[in-house]
Amino acid sequence: MPFRSLAIAAAVLLAHVAAAAQPIVIKYSHVVADQTPKGQAALKFKELAEKALPGKVTVQVFPNSQLFGDGKEMEALLLGDVQIIAPSLAKFGKYTKVLQIFDLPFLFDDIAAVDRFQGGPKGQAMLDSMKSKGIKGLGYLHNGMKQLSAQKPLKTPADAKGLKFRIQASDVLEAQFKAVGGNPQKLAFAEVYQALQTGVVDGTENPWSNIYTKKFHEVQKVIMESNHGVLDYMVITNAGWWDKLPADVRTALNTAMVESIKYGNKVAFDEDSSFRQKVIDDKKATVMPMSKQELAQWRDAMKPVWAKFEADIGKDNIDAALAANKN
Ligand code: LMR
């Protein structure tokens, strides 16, 4: 082989070796703070994935809507601009209707019931509900039960009449607040604090970890302990990207994902009450317990929402969710 050809061959070989040595960059983007269950799960995934695949992968975590906020993150995932996201189960309406089940008010008694449903056959099948759209569900991740908040006590549904509520992008949540005479407005998570502060909306709903880390309790006068619905996530990836990963990398990433979700779920279970306590200790908003009678009124007012979405969700799924309430 003449020297020139040899040199070219060597250069091509070197380029291949260099390319093979380049770590796969995995961007994991989300909208909440690092201290929350989702924030902690994302950081744990980085730690475990990089430990299992040294030099082969680099995981970049972007919290607080730094890279993509609501609305953009799903498109970005499909375009390949981000590889892992974990939107709230309320935000998949454009891609599948079955996940609307998680927004039905007063369906699940608590996060333990949600956990049982997600781990059961119906819940597991829902991880594949967006397969045809190119979205792969890697697992469910907990945050917590939602609490209603406003600038005044919301003891009965009548107290919500005429109030503007920020909601996630969910038709079920829209129907939920309309059912009590409220005026729901879909807003991205990154806009909530300002919307509450400036009075664009009067109230909202979120779990304790989000309320505390985003300081919603500093711009709301009252937080009702309503536990009326769940805010959980599905960790998803671009199915095309995932399927093209080298098999050993995919297996190791899957293990890291499973472990990181377990870790995040432990944070959700263990720290929900301490986030609640921090909100109370801050003394910025009054945290109000709700009586059984008050909650029954809210349940009665909001329950008609179930029937409206039953055909899309499937009665069999709703029955399985109800069964999960009984341990
Ligand atoms: C919200 O928009 O209120 C939540 O979905 C944010 C989150 O990711 O917990």
When you check THR156 against the structure, is it among the hydroxyl-bearing types (Ser, Thr, Tyr), at pLDDT 95 or above, farther than 30 Å from ASP316 by Cα and away from the ligand (no atom under 16 Å from the Cβ), yes or no?
yes
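Okay, residues lined up against (1) surrounded by 15 or more Cβ atoms within 10 Å (Cβ to Cβ); (2) of a type in the set (A, V, I, L, M); (3) touching a Leu at 6+ places or on another chain (Cβ under 8 Å):
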residue	(1), (2), (3)
GLU225	yes, no, no
MET234	yes, yes, yes
ASN238	yes, no, yes
ASP243	no, no, no
PRO246	no, no, no
ARG250	no, no, no
LEU253	yes, yes, yes
Would you say LYS91 is within 16 Å of the ligand (Cβ to nearest atom) and not hydrophobic (A, V, I, L, M, F, W, C)?
yes
Check whether at least one residue in the range 303-321 is more than 25 Å from THR96 (Cα to Cα) and of a type in the set (A, V, I, L, M, F, W, C), and report yes or no.
no
Quick check: is even one residue across the range 2-22 surrounded by 13 or more Cβ atoms within 10 Å (Cβ to Cβ) and either of a type outside the set (Lys, Arg) or modelled with pLDDT under 80 (or both)?
no
Just one of (1) more than 15 Å from the ligand (Cβ to nearest atom); (2) surrounded by fewer than 18 Cβ atoms within 10 Å (Cβ to Cβ); (3) without any contact (Cβ under 8 Å) to a residue 60 or more places away in the chain trips up ALA52, so point out which.
(3)
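The values are calculated or read from the model by the stated rules, or taken from the named source; none is laboratory data. Computed from a prediction, not measured in an experiment: that's the story for all the values here. Backbone-built Cβ (ideal geometry, glycine too); neighbour counts: all protein chains shown.
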